[in-house]
Amino acid sequence: MSLIDNVISGGGNPAPRPNLGALMKSFIGKRAITSAISLVGLIILVFFLSRLTGDPTDLYLPLTANQEARDNFRAIHGLDQPLIVQFGKYLTDLSHLDFGMSIRRAEPAIDAVLRGFEWTLWLAVITMTLVTGAALLIGSLAAFRVGGVFDRIATFFSLIGASAPDFWIAIVAIVIFSVNLGWVPTSGTGTFWHWIMPIGVLFIRPFGLILQVVRGSMISALSSAYVKTARAKGVKNGPIIFIHALRNALLPVITVIGDQAAALLNGAVIVETIFGFPGVGKLMIDAIMQRDFPVVLAAIFVTALAIFIMNIVIDLLYAFLDPRIRY
């Protein structure tokens, strides 16, 4: 080794490159452990809080039911044991992915939840696909001419959308488009028209938030040296915006998209209830009102698990877009 090579290498052998596969496995393993701990804590909290809503016996049996009928009902649904014993049995069953039988529906709770979650997932995927595409396009174009007419209009409407509560937008939409104009139905999922208002209401808030982040990130990216170099070489505006600048502006955008996608799964509870959409959100609200404890716990578990998986996927996406994060 020459003197120059020795100086460059720091006087020793070059440090070995880290094993990216091992790093990613370690990262996923750590995230899975922390997510599992959070999930267990959530299950414990929801289990005991759900019991504070009251005894299902008072809801499902008539007031004239005798004590024997009430005792039989509690025994059938495992409510005759002390609360700590019920919790221990629930954890044992959960280790076998057994969420118990729905009190209201007389079917496995997980079956009812998975049916509802499929509807919610479709609603969330369609909404976030439209939101992401529109926010990336409009936010990028707004950042290209900062202070222009298009930028001011986009900023104005995005701020309004980010500030408006979902339940208020949903009620106003029903009054205007269903009651007064009669353009779309108020509830159900039978046709394309039934999906317009739930998707439209869920679209507005994340669109406003993501557009603002895209705009700010793109303003920074478009003022960077590599964009100026591309312009000096005669590269057209389209490739500069959507190829050179957008990829480097995506990291903070992905963070917000992930947060909004998770919030959409939670926020769909209100929208699904207002529009009578048969998703897991409406199912959860109905189960709470009906004191259907197995369905409540199964719905919380499935929704939380989906959010934890989504967060891990977003972190992996970071590493794909920016190799520096892998190390």
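Overview of results
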item	result
Those residues of the range 76-89 which are assigned to a helix (DSSP H, G or I) and of a type in the set (S, T, N, Q), in sequence order	Gln86
Selection from the range 270-306 of residues that are assigned to a helix (DSSP H, G or I) and either of a type in the set (Phe, Trp, Tyr) or within 16 Å of Trp122 (Cβ to Cβ) (or both)	Val271, Glu272, Phe275, Val280, Gly281, Lys282, Leu283, Phe293, Phe301, Val302, Thr303, Ala306
Test result for Ile28, at pLDDT 65 or above and closer than 30 Å to Ile288 by Cα	no
Those residues of the range 32-76 which are over 20 Å from Tyr90 (Cα atoms), surrounded by 14 or more Cβ atoms within 10 Å (Cβ to Cβ), free of Cβ contacts under 8 Å to residues at least 24 places away in the same chain and hydrophobic (A, V, I, L, M, F, W, C), in sequence order	Leu61, Ala65
Top-ranked residue in the range 61-75 [being of a type in the set (S, T, N, Q) and assigned to a helix (DSSP H, G or I); ranked as farthest from Ala106 (Cα to Cα)]	Gln67
Criterion violated by Ile309 - all others in (1) part of a helix (DSSP H, G or I); (2) surrounded by 14 or more Cβ atoms within 10 Å (Cβ to Cβ); (3) at pLDDT 80 or above satisfied	(2)
Options Ser163, Ser140: the member that is surrounded by fewer than 15 Cβ atoms within 10 Å (Cβ to Cβ) and of a type in the set (S, T, N, Q)	Ser163
Options Phe192, Phe156, Phe144; residue that is touching a residue at least 12 places away in the same chain (Cβ under 8 Å) and either of a type in the set (A, V, I, L, M, F, W, C) or in contact with an Asp or Glu (Cβ under 6 Å, 6 or more places away or on another chain) (or both)	Phe144
Residue match in the range 46-53 (condition: among the hydroxyl-bearing types (Ser, Thr, Tyr) and in contact with a helix residue (DSSP H, G or I) (Cβ under 7 Å, 6 or more places away or on another chain))	yes
Identity of the residue in the range 103-153, out of contact with any helix residue (DSSP H, G or I) (no Cβ under 6 Å at 6 or more places or on another chain) and acidic (Asp, Glu), that ends up nearest to Gly78 (Cα to Cα)	Glu107
Selection from the range 264-304 of residues that are farther than 25 Å from Ala106 by Cβ and not β-branched (Val, Ile, Thr)	Leu264, Leu265, Asn266, Gly267, Ala268, Phe275, Ala304
Among residues of the range 272-306, those that are over 18 Å from Tyr60 (Cβ atoms), out of contact with any Leu (no Cβ under 9 Å at 6 or more places or on another chain) and of a type outside the set (A, V, I, L, M, F, W, C), counted	4
Odd one out for Thr303 among (1) at pLDDT 85 or above; (2) surrounded by fewer than 17 Cβ atoms within 10 Å (Cβ to Cβ); (3) of a type in the set (Ser, Thr, Tyr)	(2)
Qualifying residue in the range 105-128 (condition: over 28 Å from Glu272 (Cα atoms), in contact (Cβ under 8 Å) with a residue 24 or more places away in the chain and aromatic (Phe, Trp, Tyr))	no
Complete set of residues in the range 90-110 that are exposed (fewer than 14 other Cβ atoms within 10 Å of the Cβ) and either hydroxyl-bearing (Ser, Thr, Tyr) or not in a loop (DSSP other than H, G, I, E, B) (or both)	Leu91, Thr92, Ser95
Flag for Pro185 being modelled with pLDDT under 90 and crowded, with 17+ Cβ neighbours inside 10 Å	yes
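The values are calculated or read from the model by the stated rules, or taken from the named source; none is laboratory data. As the structure is a computational prediction, the values presented were derived from the model and not from experiment. Heads up, the Cβs are rebuilt from the backbone with ideal geometry, glycines too, and the neighbour counts pull from every protein chain shown.
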